[in-house]
Every structure is written in C-alpha cells, then in structure tokens.
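To start, the structure under review is shown below, and the notes come after it.
The values are calculated or read from the model by the stated rules, or taken from the named source; none is laboratory data. Values in this document were obtained by computation on a predicted structure and should not be read as measured data. Cβ placement follows ideal geometry from the backbone for every residue including glycine, while neighbour counts extend to all protein chains displayed. When the accessible area is computed, the model is the full protein with side chains, heavy atoms only, and any ligands, DNA or RNA have been set aside. Shrake-Rupley method; radii C 1.70, N 1.55, O 1.52, S 1.80 Å.
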Amino acid sequence: MRLYPVAGNGAGIGRSAALRAAAALLLAGCTAGEAELPRLAGLREIPSPAGPGAAEPNLTADAAGRVYLSWLEPEDTAAAAAAAASTRRGAFALRLAVLQKGAWSAVRTIARGENFFVNWADFPSVVPLPDGSLAAHWLARSGTGTYAYDVHIARSTDGGASWGPALIPHRDGTASEHGFVSLFPWDGRGTLGAVWLDGRNFAASGASRAHSPEMTLRFTSIGPAGELGEEMLLDGRTCDCCQTAAALTADGPIVVYRGRSGQEVRDVWFTRFTNGAWSPPRLVHDDGWVIPACPVNGPAVSAAGRRVAVAWFTSAGERARVKVAFSADAGASFGKPVRVDSGEPAGRVDIELLGDGAALVSWLERGKTGAEVRVRRVSAGGRPGRTATIAASSAERASGFPRMARTGNQVVFAWTEPGRPAHVRVATARIADL
C-alpha cells in the first residue's frame, strides 16, 4: 500500500508521526474478522478473456446491456515477473473485451507501451458515451520520478476495434502525479467529462513528499474531435492517492472523492454540476477520520435519476468500517449512513443501484485465512440484507480493487487473483439471488 507521509502543513505532524500512523493502519488489518462465508448462491464464474499476468480490471455497462471489461496485461517477461509489485515496469497493453448475451467479443488492444504507469490502486477505465463512442484512459510516465505520470485519453467510434490518438487533459506540463481519473458523459453529443487528482503543486514548489503541498481535484471536458474545454479546479486540497468516482444524476454529474482538511481529516466529499457550475465541495458524512497519510481507499458512487448511493471506507476512531449513504435529491443532501461490513473490512468498495432503489455494495473483508470479496444488498430504506462472498482473495496490494457492473437482471463481478502469474477472474449473478 502506498501511504504518503505529510508534514509542514500547519497541523504540526512530522514524518515520524505519519509513519507511525501508517504502520498502525496496516497492522489494524492483521486480526481476523468473522468466519468466512459461503459463496453467493447462484454465482457463476465465467471464462475470463484476460491473459496470464493480467490485473487491474475495471467494468462498466451501457444502456444496451453490453458490459465492458478492461485490464492491463504484461507483454514481456520483465512485466510478467513484476506482477506482484505495487507499481510495475515493462511492456504492458491496455485491453478490452465486451460481454453481450453471455459471450465475450474478441479481445481488443486499446494502447500498449513500455512507459505505462501500472499501479494496483490507480487503474485504467473504459466508458461508453451516448453517441455510441467509447472513451478510455490510462497512465504513462512523464519523467524519472516514481510518481511522475500523465493521464492519456483516447476514443473509439467502432466499438473498440480501433482507437484514435491519445490526448492529455491537463495542461500544466509538469513531471508530477496526475491520476485517479473518473470519466463520464458530459452531454448527449459525445463530449466527455474527466476529473483527476493533480500533483502540479509538488513540481511548482519543488517540495518532497515529506513536505508536501496539496494534491488538487481538477476537471475538464473533451469534445468528440478532441477539443479540450476549460480546465477547472474543483478542490484545492485532497487526499493524495484515493480513487475518485463519478455518476450522472437527473440533475447532472456528481463527483465523490476523499478530501483532506488542514487538520488531516480525510473524509469523503462531493461536488455536483448544476445550473451551469460546479458546487462548492461538501461532506457526504462527517466521520472525522484523522490520519496523517493516504489510506489508498477511495469512495464509489452510483446514480439513477435523482437517486444516488455512495459507499466508502473509514477508520475513524480506529474502527474500520464500510458505509453507505443515500440521496433522493440528486446528491443535494445525503441521509444517515448505514454500516455494511462484517467487522474487519479492508475497504476497496464498489456500489451499484438496483432497479427497486436498493444498492448492492462490494468490499474486501479480512478473514482468518486471507480476505474475501463480499457483497451486501441495502434496501432503499437503508436496511442491510445478508452478506455473501463472491470470491476468496487477499488483502495484499496485488489483489487490487474488485469491480462490479449491473446489466439488466444481472451483476457482473471482476477481481484480480494474485499469483505468479496473476489472473483476472469474472463471475455473474442474478439480482434475484442477491
């Protein structure tokens, strides 16, 4: 796990204190949670199109019922040998396959290179757009620094068979960290919205990670021909390396992310685009998690009409929990959160709203023999259902972030099975069985 110590920020926290906090966070996961649960009844594992050594899967679905699976796959022995590392080097390819009516399409290559930034927590994505095109993002190194990398975005107009030239949405030109991207449709004409965490302030100040200025949350739009819109600052101080997430409500996009106060409170915040402007950031819920390091554990969001559900991990008060909160007004306000974990969560959440207004939440739960990918249905009224297991896993970094996508009356799951080589696994389940 990558944890950034911070200091010199007015909170009086130095490197040693930050490292002690990071160590405590890691050790907190060494105790076993409740006994391992049986696998979800009706769960069906299906052949994965990903090759040996593949990892960092991601899933999304479109309105026609197609499910898009993307992943990173090594293309040389050096990359394959580094499959268990948190940040891997070598030749990699970003690949895509489409699941429709129970069958996979041919595997397609979106991009390949020896300069990819391949990291267990900062993974690529593919997003379908209303005009029928696809957008994909990945990360590529921009300098010699460990975390000097840029966001690259490309578009396909033929279902992923071919891809146009990549562009970089940020225009600062610094060899600094740009990642943890969320892509979403910006309008019905094929314009793409993109948000990312941006480290240009590190380069501007010449500071080291031990004396870090703030990471920021930024946005831009990208037209069908690659034209870049205005670059906007959404939040001037965010957690360093937690995933962002975005969803479309009936009122417009909502973006959720882990913030960072001057007192090192790292709770989950959101901003909405309504009435032609991004709203000032607000808390989803005031957990009060004070941690002088990044937990590498971002939130997830799902929306349908004006209903929104957000899932996140917190360890406020040194008690690890996974929570879910609902909004009935397109994210203008959120209700009291519901706890869904089994007692020893590692986080790494995902969430999907179901047709009846309920939400399905997935997370990684620590157990006596490792960890499990678990799911739980939470009713529209906030009542948690039973917990079930999708797969045995590991709390190590190499297991990555399990993903979900809903299509019709089914949910598709994807996760990384660590090993030498690693494998991407895929399974499906009927919503009725959940």
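Restricting the first member to segment 150-170 and to residues that are among the aliphatic types (A, V, I, L, M), and the second to residues that are surrounded by fewer than 16 Cβ atoms within 10 Å (Cβ to Cβ), the beta-carbon pairs closer than 6 Å and six or more apart or on different chains are Ile153/Leu167; Ala154/Gly164; Leu167/Gly226.
From the list Ala432, Ala398, the lone residue that is open to solvent by 30 Å² or more (accessible area, probe 1.4 Å) and part of a helix (DSSP H, G or I) is Ala432. Under the condition of being outside any strand (DSSP E or B) and closer than 23 Å to Arg430 by Cβ, which residue from segment 343-367 is most open to solvent (accessible area, probe 1.4 Å)? Here the answer is Asp356.
What are the residues in segment 156-166 that are open to solvent by 40 Å² or more (accessible area, probe 1.4 Å) and either among the hydroxyl-bearing types (Ser, Thr, Tyr) or assigned to a strand (DSSP E or B) (or both), if any? Correct list: Thr157, Ser162. Filtered by the rule that a residue be in contact with a Leu (Cβ under 9 Å, 6 or more places away or on another chain) and in contact (Cβ under 8 Å) with a residue 40 or more places away in the chain, segment 248-267 gives Ile254, Val255, Tyr257, Asp267.
Among the residues of segment 415-422, is any at pLDDT 95 or above and either out of contact with any strand residue (DSSP E or B) (no Cβ under 6 Å at 6 or more places or on another chain) or β-branched (Val, Ile, Thr) (or both)? Yes - at least one qualifying residue is present in segment 415-422.
Can you go through Gly262, Gly236 and tell me which one is of a type outside the set (Asp, Glu) and part of a loop (DSSP other than H, G, I, E, B)? Answer to the selection: Gly262. Screening Ala330, Ala429, Ala380, Ala325 for residues that are at pLDDT below 95 and in contact with a Gly (Cβ under 8 Å, 6 or more places away or on another chain) leaves exactly one candidate, Ala380. Kindly establish whether His178 is within 28 Å of Arg348 (Cβ to Cβ), of a type outside the set (Ser, Thr, Tyr), in a strand (DSSP E or B) and open to solvent by 10 Å² or more (accessible area, probe 1.4 Å). Taking the combined requirement at face value, the residue does not satisfy it.
Can you tell me which residue in segment 275-300 is least open to solvent (accessible area, probe 1.4 Å), limited to those that are outside any loop (DSSP other than H, G, I, E, B) and touching a residue at least 40 places away in the same chain (Cβ under 8 Å)? Reasoning before the result, please.
Step one: list which residues in segment 275-300 are outside any loop (DSSP other than H, G, I, E, B), which gives 277-278, 282-283, 290, 300.
The next check asks that each one be touching a residue at least 40 places away in the same chain (Cβ under 8 Å); those that pass are 278, 300.
On the way: Trp278: 38, Ala300: 5 Å².
Within segment 275-300, the match that is least open to solvent (accessible area, probe 1.4 Å) is Ala300.
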